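J.: Got a structure for you, written out below as structure tokens; questions coming shortly.
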Amino acid sequence: RILTNRIKRKKKSFDVKTITDRTTFWKMQKSVETVHVSDEIKEYIVEIVQQTREISQVKVGASPRGSLDLMALARANAVIDYRDYVVPQDVKDLATIALAHRLILDIASWLAGSSSDLMIKRITDKIQTPRKE
């Protein structure tokens, strides 16, 4: 489908409409970094990522970089929800998006129909969610 659309368009690039200027975009991007993440939520993020490396069905788990990316996504989600702080549900909701592609399952689990998404869900269901501040 992508190839067909590209041939019909007869151009290598898309026409993109500007919706904001660079300065505003930069400020928006920087504002995400100011969103508060409590120590409890940071520990929750680290625990989720650490658990990906401790499950027997996972051959390769997420690295500490996964923790940073999960925190960045949670912060961005908070901004979208008009908050200047991260809540545990931000982390839980985004854990699969941030981490699943980083896992490599062992062959037996993969052949049995398991998935990285399912592993992340099991982890987030098992770990106690921090209380809201």
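J.: Compute the signed sum of charges (Lys and Arg +1, Asp and Glu -1) over the other residues within less than 11 Å, Cβ to Cβ, of Leu68.
T.: Here the charged neighbours net out to +2.
J.: Still on this model: Students often get this wrong, so try it: which of [x] 1.33; [y] 1.03; [z] 1.11 is Cα Rg over 2.2 N^0.38 Å as calculated from the structure shown?
T.: Read-out from the structure maps to [x].
J.: Then there's this: Summing Lys, Arg as +1 and Asp, Glu as -1, what charge do residues with Cβ under 14 Å from the Cβ of Lys59 carry, Lys59 excluded?
T.: 0
J.: Considering the options Val37, Gln128, Ala95, tell which one lies farthest towards the positive end of the dipole of the chain, charges being +1 on Lys and Arg and -1 on Asp and Glu at the Cβ, about the Cα centre.
T.: In the chain, that residue is Ala95.
J.: Less than 15 Å Cβ to Cβ from Phe25, Lys/Arg counted +1 and Asp/Glu -1: what total charge do the surrounding residues give?
T.: Its environment carries a net charge of +2.
J.: So how far, in whole Å, is the C-alpha centre of region 79-93 from the one of region 1-64?
T.: Using only Cα atoms, the two centres lie 15 Å from each other.
J.: About the Cα centre of region 37-126, what is the dipole size in debye to 20, counting +1 per Lys and Arg Cβ and -1 per Asp and Glu Cβ, all else neutral?
T.: The calculation lands at about 280 debye.
Rule-based calculations on the coordinates, nothing more; no lab input. Only a predicted model underlies this, so the values are computations on that prediction, with no experimental measurement involved. Note that we place each Cβ from the backbone using ideal geometry, even for glycine, and neighbour counts take in every protein chain shown.
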